[in-house]
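Student: Please find one structure pasted underneath; my questions will follow.
Derivation of every value follows stated rules applied to the coordinates shown; laboratory data play no part. The structure presented is a predicted model; accordingly, all values stated were derived computationally and were not measured. Note that each Cβ is placed from the backbone with ideal geometry, even for glycine, and that neighbours are counted across all protein chains shown.
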Amino acid sequence: MTYEALARETIDVVWTRGQVDRIPEFYTADFKAHQPRPRVNWVGLPRLASWTGHEGLREVVTAVRSVCPDYSETPQLVVAAGDMVAMRMINRGTHTGRPVGRFQPSGKSFEVVDTMFVRIVDGKIAEQWGLFDQYSVCVQLGFMEPSELQSGS
């Protein structure tokens with residue numbers, strides 16, 4: 001399987017279909033995500049997720065899908081070079097799952113851009129760097145008001 005195909009399959013199986021039992025097929029045991037520290041907690045985790053190893057990844061995927069059971073990631077642009085794959089994706093979800101803090105499931109949906117770079121070692125994803133527009137998720141789901149600096153205001 002090419003690295004591009006591996007990245008696409010990982011997104012489909014683990015993130016879009018939520019098959020967390022298959023995480024070991026796609027990620028190394030010592031997987032590490034280098035995500036920016038989130039400024040908003042749109043999935044309502046009681047603490048910052050570790051994003052480390054199979055269990056840390058399982059925690060994140062499960063939390064996202066418990067809020068938005070229809071969560072999906074759709075790769076639009078995928079470029080592979082050496083042991084790295086870069087992707088631009090559109091992520092979507094509808095808040096029909098569990099409450100997030102004081103926010104009950106509303107049926108509201110979001111659609112945002114996600115960028116991700118992964119490093120592959122021995123046919124599995126070992127590291128990930130990503131940037132996901134969590135602010136827009138919170139605005140679109142009604143968890144916070146849009147900023148007066150937002151375009152069109």
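Student: Report relative contact order for the stretch 3-140 in percent, whole number only (criteria: Cα-Cα under 8 Å, sequence separation at least 6). Display every interim value, and only then the final one.
Tutor: Values: 272 pairs, mean separation 37.3, N = 138.
Worked out over the stretch 3-140, it gives 27 percent.
Student: Ok, one more. Loop only per DSSP, at most 13 neighbouring Cβ atoms within 10 Å: give me the GluC sites (Glu not before Pro) in the stretch 63-153, ordered by residue number.
Tutor: Passing sites in the stretch 63-153 are Glu148.
Student: How much length is gained on full extension from Arg88 to Gln104, taking 0.36 nm per residue of separation minus their Cα-Cα distance?
Tutor: The Arg88-Gln104 span can extend by a further 2.7 nm.
Student: Exposure proxy check: Met1, Met89 ranked by fewest other beta carbons within 10 Å?
Tutor: By the 10 Å Cβ count, ascending: Met1, Met89.
Student: In nm, what is the difference between 0.36 nm times the number of residues separating Met144 and Ser66 and their Cα-Cα distance? Write down the numbers at each step before the final one.
Tutor: Working: separation 78, 0.36 × 78 = 28.08 nm, distance 1.98 nm.
Computed gain between Met144 and Ser66 is 26.1 nm.
Student: Where q = 0.10, 0.14 Å⁻¹, what log10 of I(q)/I(0) comes from the Debye formula for the stretch 3-140, counting one point per Cα?
Tutor: -0.30, -0.60
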